[in-house]
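For reference, the structure discussed in these notes is given below.
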Amino acid sequence: MRSLYISYISEFYKSRKTLAFWAAIILPVLICGLIAVGYYFNAEKVLKYNYPGMVLWGQYSGASLGVMGMLILPFYVMFMAFSVNNIEHKNDTWKTLFAQPLNKLSIYAAKYLYAVVLLFICLLLFAFLTFTSGYILQMLVPKYTFNDYNPFLVLSKYYTKLFLASLGILSVQFVFSLIWSDFLKPMGIGFVGIIGGIITANVGWAYAYLIPYSAPTLALRITRVSKNAKPEDFPIFTQEIWVSLAVAAAMFIIGYFILLKRNIK
């Protein structure tokens, strides 16, 4: 456990000035901020629709969920997975890393855990900023109806689904970035996978849930529940989430064995 902690702290200090680290903070602030500004300056247009609180929250949160969840998040996950391992590739420090009195599992697990934490921070900020900015808009524009509905549980469940749905992509791209040191191969494969995943999910292919890259898009779909159910009663662990978790577990194990065989001389 101590080895894992030391390796994790090392990853933080190596990556804290990278674009992947700051993007986890900047992306939520930028996207949520732009949407909030848009709702503030276009308040008259929005108020004409006379949305009830629940619908207004759906429109408002859906703006960031749609843009981020279906498009920006998969690409950020792909870039972040590459960036975590590229530090060692770029500086040729794999040999130095393994020369430390730490076992390879701790080093590998710390890298993977660091990537997962960055993803978690990014999505946590999206959920937090969406929730708080809605109530700030309510104070600035009292005619809004944000106060009529509490979206905390719905937002929590949607962003939890997005987090779990993204683990499959993260794990696949993490292994690709272990295998290849150049930018084009892992990013090129990831780009094709993401575009293919979005297309197969949107055209309604029955087996799209088996493609890890389609999981974020599928996770955002409204799941059918009973007629009298509340909006927050949708399930988190749908089939694409189970596939994403299974892929994440399998690729984590595969990546570790790839690391064991890696030539660091």
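List the residue pairs whose Cβ atoms are under 7 Å apart, where the first residue sits in region 3-26 and is under 14 Å from ALA81 (Cα atoms), the second is surrounded by fewer than 17 Cβ atoms within 10 Å (Cβ to Cβ), and the two are 6 or more positions apart or on different chains.
SER15/ILE87; ALA24/ILE121
Could you grab the pairs with beta carbons closer than 8 Å, sequence gap of 6+ or different chains, first residue in region 83-96 and touching a residue at least 60 places away in the same chain (Cβ under 8 Å) and farther than 9 Å from SER181 by Cβ, second one among the hydroxyl-bearing types (Ser, Thr, Tyr) and surrounded by fewer than 19 Cβ atoms within 10 Å (Cβ to Cβ)?
SER83/THR18; ILE87/THR18; ILE87/THR93
Which condition does ASN50 not pass, out of (1) more than 27 Å from the chain's Cα centre (by Cα); (2) in a helix (DSSP H, G or I), if it passes all the others?
(2)
If you go through region 207-238 one residue at a time, how many are at pLDDT 90 or above and surrounded by fewer than 13 Cβ atoms within 10 Å (Cβ to Cβ)?
2
Could you pull out the residue among VAL77, VAL37, VAL84 that is within 24 Å of the chain's Cα centre (by Cα), exposed (fewer than 14 other Cβ atoms within 10 Å of the Cβ) and hydrophobic (A, V, I, L, M, F, W, C)?
VAL37
Scan region 125-174 residue by residue and report those that are hydroxyl-bearing (Ser, Thr, Tyr) and crowded, with 19+ Cβ neighbours inside 10 Å.
Across region 125-174, the qualifying residues are THR130, SER133, TYR144, TYR158, TYR159, SER166, SER171.
Filter region 96-149 for residues that are at pLDDT 90 or above, in a helix (DSSP H, G or I) and of a type in the set (Ser, Thr, Tyr); which is farthest from SER10 (Cα to Cα)?
TYR135
Within region 178-217, restricting attention to residues that are within 14 Å of THR238 (Cα to Cα) and touching a residue at least 40 places away in the same chain (Cβ under 8 Å), which residue is nearest to the chain's Cα centre (by Cα)?
The residue in question is PRO216.
Need the failing condition index for VAL243 against (1) of a type outside the set (Phe, Trp, Tyr); (2) farther than 13 Å from LEU71 by Cα; (3) in contact with a Phe, Trp or Tyr (Cβ under 8 Å, 6 or more places away or on another chain); (4) crowded, with 23+ Cβ neighbours inside 10 Å, just the number.
Unmet condition: (4).
Of all residues being among the hydrophobic types (A, V, I, L, M, F, W, C) and under 13 Å from the mean Cα position of the chain (by Cα) in region 22-33, which is surrounded by the most Cβ atoms within 10 Å (Cβ to Cβ)? Just the residue, please.
From region 22-33, those among the hydrophobic types (A, V, I, L, M, F, W, C) are 22-27, 29-32; that's our starting set.
Within this subset, residues satisfying the condition of being under 13 Å from the mean Cα position of the chain (by Cα) are 23-25, 27.
Numbers: ALA23: 18, ALA24: 21, ILE25: 13, LEU27: 17.
That would be ALA24.
The values are calculated or read from the model by the stated rules, or taken from the named source; none is laboratory data. Quick caveat, the model's predicted, so the values are computed rather than measured. All Cβ positions, even for glycine, are placed from backbone atoms using ideal geometry, and neighbour counts span all protein chains on display.
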